[in-house]
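The values are calculated or read from the model by the stated rules, or taken from the named source; none is laboratory data. Because the structure is a prediction, the values reported are computed rather than measured. All Cβ positions, even for glycine, are placed from backbone atoms using ideal geometry, and neighbour counts span all protein chains on display.
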Amino acid sequence: MTQSKHTSPLDGLFTRQASGPLAGIVIADFSRVLAGPYCTMLLADMGATVIKVESPAGDETRTWKPPVHEDQSTYYLSINRNKSSIALDFRDETDLETARAIAGRADVLVENFKPGGLERFGLDYDAVSHSNPDVIYASVTGFGTKGGAALPGYDLLVQALSGLMSLTGAPDSPAYRAGVAVFDVITGLHTAIGILSALHERGNSGRGQHVEANLMSSALSGMVNQTAGYVLSGQVPTRMGNEHPSIYPYEPFRTAEGDIILAIGNDRQFLRLCAVLGAEHLPEDPRFAAAADRSHHRGELRPILQELLAARSAAEWFDVLTDAGLPCAPINDVQGGIEFAQRLGLEPVVQVGHGDRTLPGIRNPLTFSKTPVSYDLIPPGIDEDRDAILDWLNEAT
């Protein structure tokens, strides 16, 4: 990975205490809402210095309430730690020159304006790369830069247009969106991968490049077996509720108290499940002997398993089946999910910030043995770091 050409002037300027693998890399974050900010937060956790460039009104997610933490939007707080903020009005010539100066000194620029939206400000890829030829310029759009360039890039629209909603819900229910903006998150991850790859290539060639990601392409890639299944077989997948089209048993089952998920992925696991349930005869039945047979005859196997699982509670079955090495899970709410991760020692909740400026956050999922991630800056207020950023720019002149 190439190091930033701007390391020395940044030392201590934004009070980062980071020593992660991206320490010294400067990212100009012109993005807002979710996909771009999520991407840049992950990179900031890994040590990058991220300058969040906002309009005077601020990132929209600052106003997305409830829920709140001390009257601040938890949505905004969830994706903007480890950043510094400056508010710039591109219609003001002085502010616009500041934006151009930030872009001109950054190693990476991330933006999610509509295609062509930054051209009139001289902040598009051609303009920025002319003055900063080794910049990695990452653009996030909803539907690409061709026929979908004018379409608004909202995750819910992509869930509908990609086909995901047609797969979510019971067979006889309306289509449902996922419970989180899943394609914004996937696109943010794809963008981070693209940026890291381009930084690696820049280290070899010394050249920057334009990285592009869009929600629609990320959706079709992220739907993996469903989209590939259609392309390869011509079969259009449909809503199956909590069932899996190719594996059985792989769904929730009622117990004496609560539901439990079974995720039996192969014949060995099915043999073990039947032994634990006291139903050793089931694998001898030709309808259930092999995975494809169980999938085809799920309507006959389901009530048999349901009757056996009714003997204990979900919590009891979780212990028994887990001890037998079988994949299963009770259905937690979000609180239960975090508490379960805590019991496993995953330490999902971290303290962000230092001194008297801290708040809880969710741990970055990556660990590094030599260059750990850090959580040294709480999400910034609007324009909170203007003076420090302007000082940094002035040091270069």
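With the structure loaded, tell me whether residue 257 is more than 34 Å from the chain's Cα centre (by Cα) and not β-branched (Val, Ile, Thr) or whether it fails that test. No. Here residue 231 passes the criteria (1) more than 23 Å from residue 170 (Cβ to Cβ); (2) in contact with an Asp or Glu (Cβ under 9 Å, 6 or more places away or on another chain); (3) not assigned by TED's automatic domain parsing to the domain that holds residue 154 except the one numbered (2).
The numbered conditions (1) surrounded by fewer than 16 Cβ atoms within 10 Å (Cβ to Cβ); (2) free of Cβ contacts under 8 Å to residues at least 60 places away in the same chain are all true for residue 229 except (1).
Regarding residue 284, is this residue closer than 17 Å to residue 244 by Cα, exposed (fewer than 15 other Cβ atoms within 10 Å of the Cβ) and more than 37 Å from the chain's Cα centre (by Cα)? Show your work before the answer.
Working: closer than 17 Å to residue 244 by Cα: no; exposed (fewer than 15 other Cβ atoms within 10 Å of the Cβ): yes; more than 37 Å from the chain's Cα centre (by Cα): yes.
For residue 284, the condition - closer than 17 Å to residue 244 by Cα, exposed (fewer than 15 other Cβ atoms within 10 Å of the Cβ) and more than 37 Å from the chain's Cα centre (by Cα) - is not met.
Check 383, 376, 387 and return the single one that is in a helix (DSSP H, G or I), more than 30 Å from residue 253 (Cα to Cα) and outside the structural domain of residue 254 (by TED's automatic domain parsing). 387 is the lone residue from the list that is in a helix (DSSP H, G or I), more than 30 Å from residue 253 (Cα to Cα) and outside the structural domain of residue 254 (by TED's automatic domain parsing). Listed by first and then second residue, the pairs with beta-carbon distance under 8 Å, at least 6 apart or on different chains, first residue in the range 187-199 and closer than 15 Å to residue 223 by Cα, second polar (S, T, N, Q) and in a helix (DSSP H, G or I), are 187/218; 190/218; 190/221. Going residue by residue through the range 52-65, is there one that turns out to be assigned to a helix (DSSP H, G or I), of a type outside the set (D, E, K, R) and over 14 Å from residue 199 (Cβ atoms)? The answer is yes, given that some residue of the range 52-65 is assigned to a helix (DSSP H, G or I), of a type outside the set (D, E, K, R) and over 14 Å from residue 199 (Cβ atoms).
Among the residues of the range 230-245, what is the count of those that are in a loop (DSSP other than H, G, I, E, B), within 26 Å of the chain's Cα centre (by Cα) and not aliphatic (A, V, I, L, M)?
Restricting attention to the range 230-245, the residues satisfying the condition of being in a loop (DSSP other than H, G, I, E, B) are 234-245.
Cutting the leftovers down to within 26 Å of the chain's Cα centre (by Cα) gives us 237-245.
Within this subset, residues satisfying the condition of being not aliphatic (A, V, I, L, M) are 237-239, 241-245.
The number of residues fulfilling the criteria is 8.
Could you go through the range 344-362 and let me know if any residue there is under 30 Å from residue 267 (Cα atoms) and part of a loop (DSSP other than H, G, I, E, B). Give the derivation first.
At the first step, the residues of the range 344-362 found to be under 30 Å from residue 267 (Cα atoms) are 344.
Imposing the further condition that a residue be part of a loop (DSSP other than H, G, I, E, B) reduces the set to 344.
The answer is yes, given that some residue of the range 344-362 is under 30 Å from residue 267 (Cα atoms) and part of a loop (DSSP other than H, G, I, E, B).
Screening residue 84 with (1) without any contact (Cβ under 8 Å) to a residue 24 or more places away in the chain; (2) in contact with a strand residue (DSSP E or B) (Cβ under 9 Å, 6 or more places away or on another chain) gives one miss only, at (1).
Which one is modelled with the lowest pLDDT, of the residues in the range 373-397 that are among the charged types (D, E, K, R) and over 24 Å from residue 75 (Cβ atoms)? Ranking the qualifying residues of the range 373-397, first place goes to 395. Here the range 131-148 is the region considered, the condition is being polar (S, T, N, Q) and part of a loop (DSSP other than H, G, I, E, B), and the residue that is surrounded by the most Cβ atoms within 10 Å (Cβ to Cβ) is 132.
The residues on offer are 263, 256, and the sole one that is surrounded by 14 or more Cβ atoms within 10 Å (Cβ to Cβ), outside the structural domain of residue 169 (by TED's automatic domain parsing) and of a type in the set (A, V, I, L, M, F, W, C) is 263. Residues considered: 95, 107. Of these, the only one that is surrounded by 21 or more Cβ atoms within 10 Å (Cβ to Cβ) and at pLDDT 95 or above is 107.
Given the structure, is residue 338 assigned to a strand (DSSP E or B) and either on the phi < 0 side of the Ramachandran plot or buried (at least 18 other Cβ atoms within 10 Å of the Cβ) (or both)? Steps first, answer last, please.
Numbers: assigned to a strand (DSSP E or B): no; either on the phi < 0 side of the Ramachandran plot or buried (at least 18 other Cβ atoms within 10 Å of the Cβ) (or both): yes.
So residue 338 does not fit the description; no.
Considering only residues in the range 203-225 that are at pLDDT below 95 and part of a helix (DSSP H, G or I), the one that is surrounded by the fewest Cβ atoms within 10 Å (Cβ to Cβ) turns out to be 204.
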